[in-house]
Amino acid sequence: MKTEMRKELKTGILFFAIFNLINFFAKNVISELPILHFILGGLVGLALCQIIIGILPETTYFKLKNLKKIR
């Protein structure tokens, strides 16, 4: 079993950290902006998808990667 993290998991954690930083400063500095909430929602959705893909078991992960290559 591999002990190193996949690149999808690393990028997902990075996106989630960026989301948390922007959200922390936006609550204190910027008033309610609907476009900001839309962008943050997209960012956290992308982060969660990357994290889920990164923690899949190896057989499922490789099936997903092969499906992506076929299409």
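The values are calculated or read from the model by the stated rules, or taken from the named source; none is laboratory data. Bear in mind the structure is a predicted one, so any value in this text is a computation, not a measurement. Cβ: placed from backbone, ideal geometry, glycine included. Neighbour counts: every protein chain shown. Each accessible area value is taken on the protein alone, full model and side chains, heavy atoms only, with ligands, DNA and RNA left out. Shrake-Rupley method; radii C 1.70, N 1.55, O 1.52, S 1.80 Å.
Observations
- Set of lysines near K7 by C-alpha distance (under 26 Å), chain-local residues within fewer than 8 positions excluded: K63, K65, K68, K69
- Just the protein heavy atoms count here, and of the accessible area of segment 1-42 at 1.4 Å, carbon and sulfur take up 72 percent.
- Using θ = phi - 60° in the Karplus curve 6.51 cos²θ - 1.76 cosθ + 1.60, the 3J(HN,Hα) couplings for segment 10-15 round to 5, 5, x, 5, 5, 4 Hz; x is entered for Gly and Pro.
- Per residue, the chain exposes 83 Å² of solvent-accessible protein surface, assessed with a 1.4 angstrom probe and all protein chains in place.
- Principal-axis tilt of helix 34-54 within the chain, Cα atoms, nearest 10 degrees: 20 degrees
- Among (1) 1.49; (2) 2.76; (3) 1.40, the entry that matches Cα Rg over 2.2 N^0.38 Å as calculated here: (3)
- Model label sites at R6 and E32, defined 7 Å from Cα along the beta-carbon direction, differ in position by 3.9 nm.
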